[in-house]
Amino acid sequence: MSLDASILARRGSFTLQAEFALEPGTLAVAVGPNGSGKSTLAEALAGLLP
């Protein structure tokens with residue numbers, strides 16, 4: 001099983017676009033400065049954004 005994700009999320013004037021694929025056993029970390037979309041990415045992956 002693998003995780004393939006393509007995300008487009010908008011919050012006000014902020015747009016997050018991300019595409020990635022993870023294989024089993026892969027560790028992935030989202031890093032970046034404040035306001036770069038880390039929490040938005042996590043919420044989109046969790047299905048919390050429309």
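Results, tabulated for the structure shown:
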quantity: Residue check, SER13 out of contact with any helix residue (DSSP H, G or I) (no Cβ under 9 Å at 6 or more places or on another chain), without any contact (Cβ under 8 Å) to a residue 12 or more places away in the chain and polar (S, T, N, Q); calculated: yes
quantity: Failed item, numbered, when MET1 is tested on (1) among the aliphatic types (A, V, I, L, M); (2) in a strand (DSSP E or B); (3) in contact with a Pro (Cβ under 7 Å, 6 or more places away or on another chain); calculated: (2)
quantity: Residue count, the stretch 1-47 (criterion: over 10 Å from the mean Cα position of the chain (by Cα) and either charged (D, E, K, R) or surrounded by 11 or more Cβ atoms within 10 Å (Cβ to Cβ) (or both)); calculated: 9
quantity: Residue match in the stretch 26-36 (condition: of a type in the set (Ser, Thr, Tyr), assigned to a loop (DSSP other than H, G, I, E, B) and at pLDDT below 90); calculated: yes
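The values are calculated or read from the model by the stated rules, or taken from the named source; none is laboratory data. Since we're looking at a predicted model, the values are computed, not measured. Positions of Cβ are generated from backbone atoms using ideal geometry, with glycine treated the same way; all protein chains shown enter the neighbour counts.
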